[in-house]
Amino acid sequence: MASDIECLKWNTTSFKPSNGNVLDYTEYTLALKPSHWLNLKTKGHTTKLSYLGLTQRLVSLDNLNNLYVYDWSKADLKTIKSRYEHNSRLTSLASNYSGNHIVTCSDNGKIQLWNFKFSCLKMLTEFRGHYQCVRNVEYSVDNNYLISCSNDKTFKIWDCHSNKFVASNMFHRNWVNVAKFFKQDKLVVSCSRDSYIQVFDCCSGKCVIKYNLSPDFAESLSLKEEFSIAVGTKLGSIQIFDLRALKVLQKYSEHTSQVNCVQYQYRTPCLVSVSKDKKLNVYDTDEGRFLYSIDHFSEIKSMNISSDDKLLATTSFHFDNEISLWKTETLKI
């Protein structure tokens with residue numbers, strides 16, 4: 001265990017929790033339902049969605065290992081397709097802030113880096129550090145690092161420039177579902193099937209905060225500004241934690257089944273969740289209330305919000321092999 005703690009010491013700036021008890025909120029809220037805008041077709045069932053940085057493009061992954069990039073920056077919609085030609089199954093994807101690199105992960109423990117340039121999607125390299133299925137992969141805030149999490153009960157950090165392993169963690173006792181960088185990459189927040197949400201200081205290599213969801217566990221998480229952690233759980237609840245209060249501040253129980261994805265809007269306190277119960281739910285976390293729900297045709301496996309908050313992408317609105325784009329309406333109060 002000592003060696004694992006040492007190897008996590010890769011960031012030179014330590015994180016110091018605030019002792020303040022006053023919670024600061026923005027003055028913005030999403031009060032109107034988004035309007036359906038565009039349908040995008042896929043060959044298989046879409047499992048993951050991600051907008052490409054600040055561009056008018058969306059990348060998707062389906063259950064047949066097909067990667068699609070949809071580009072509507074010009075008058076005609078353009079679709080670029082590529083396929084991962086291996087026996088293993090791709091499980092997740094993410095894109096960097098500039099939208100020119102995509103990372104995927106697979107059930108054989110490997111991570112793939114893809115380049116998107118001049119309307120061409122090409123795999124650059126593939127590397128391996130996990131010995132079991134990689135469940136999720138994310139970019140750091142500055143896009144210099146990757147963080148991957150796996151069924152081998154670890155999350156690992158990688159250098160995007162050298163594609164080399166940087167650090168690892170073995171504090172969880174079950175599959176790690178999601179791990180994300182937080183606080184200018186000084187912290188890592190992870191959730192696991194061991195029922196714990198853990199917050200790690202990348203300077204000391206130590207776990208500084210733990211939240212226990214037992215008997216439930218988090219399937220997805222989203223981070224907001226300085227202190228907020230939102231998780232969607234196996235049993236269907238949405239729970240919001242604050243790093244200063246060290247407890248659950250809000251809990252929502254509108255979903256009746258597993259929450260597959262939660263995400264904060266970037267500029268508003270709005271939180272969006274999608275679930276196996278075929279519903280997309282929207283919450284105002286400033287006022288602590290459920291706003292509305294949008295029914296879909298079948299289980300919503302993934303959704304993503306564009307970085308300017310103007311577009312929302314979901315799966316399975318009318319059909320399983322379809323991606324729907326929504327235009328959002330934001331009000332200032």
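Quick notes
- Computed with a 1.4 Å probe over protein heavy atoms only, the accessible surface of the stretch 99-141 comes to 43 Å² per residue.
- Dimensions of the stretch 72-206 from C-alpha coordinates, computed as largest minus smallest value along each principal axis and given longest first, are 49, 34, 27 Å.
- Here the translational diffusion coefficient of the stretch 85-134 follows from Stokes-Einstein with Rh set to the Kirkwood radius across Cα pairs; for 20 °C and 1.002 mPa s it amounts to 190 µm²/s.
- Translational diffusion of the stretch 157-244, estimated by Stokes-Einstein from the Kirkwood radius over alpha carbon pairs at 37 °C in a medium of 0.692 mPa s, is 244 µm² per second.
- Relative contact order [Cα under 8 Å, 6+ residues apart], the chain, whole percent: 17 percent
- Counted charge near LEU223, where neighbours are those whose Cβ lies closer than 13 Å (Asp, Glu -1; Lys, Arg +1): -1
- Nonpolar atom fraction for the stretch 266-320, defined as the carbon and sulfur part of the 1.4 Å probe accessible area, stands at 51 percent.
- Computed across the stretch 71-112, the Kirkwood hydrodynamic radius from all distinct Cα-Cα pairs reaches 12.3 Å.
- Nearest-20 debye value, the chain charge dipole, Cβ charges on Lys, Arg, Asp, Glu: 560 debye
- P(r) of the stretch 211-278 over all Cα-Cα pairs, binned every 5 Å from zero, in whole percent: 4, 18, 31, 25, 16, 5, 1
- Cα centroid of the stretch 121-135 to Cα centroid of the stretch 213-273, whole Å: 28 Å
- Using the empirical formula 2.2 N^0.38 Å as the baseline, the Cα radius of gyration of the stretch 172-331 reaches a ratio of 1.02.
- Of the accessible area of the stretch 150-191, computed with a 1.4 Å probe over protein heavy atoms only, carbon and sulfur atoms account for 47 percent.
- Dividing the Cα radius of gyration of the stretch 250-333 by its Kirkwood radius returns 0.95 for Rg/Rh.
- For the stretch 215-279, accessible area per residue (1.4 Å probe, heavy atoms of protein chains only), Å²: 37 Å²
- For the chain, the spread of Cα positions along the three principal axes, ordered from largest to smallest, is 54, 46, 32 Å.
- 27 Å Cα-Cα threshold exceeded, pairs from LYS117/LYS310; LYS164/LYS276; LYS224/LYS301; LYS78/LYS234: LYS164/LYS276; LYS78/LYS234
- Signed unit charges on C-beta, dipole axis of the chain, positive-most listed residue TRP114, ASN169, LEU61: TRP114
- Residue-normalised convex hull volume from the C-alpha trace of the stretch 148-187: 74 Å³ per residue.
- For the residues MET123, MET303, a 1.4 Å probe over the protein chains yields an accessible-area ranking, largest first, of MET123, MET303.
The values are calculated or read from the model by the stated rules, or taken from the named source; none is laboratory data. Note that the structure is a prediction, hence the values are computed from the model and not measured. Here the Cβ is made from the backbone with ideal geometry for all residues, glycine too, and neighbour counts use every protein chain on show. Accessible surface is based on the protein model in full, side chains and every heavy atom, while ligands, DNA and RNA are left aside. Shrake-Rupley method; radii C 1.70, N 1.55, O 1.52, S 1.80 Å.
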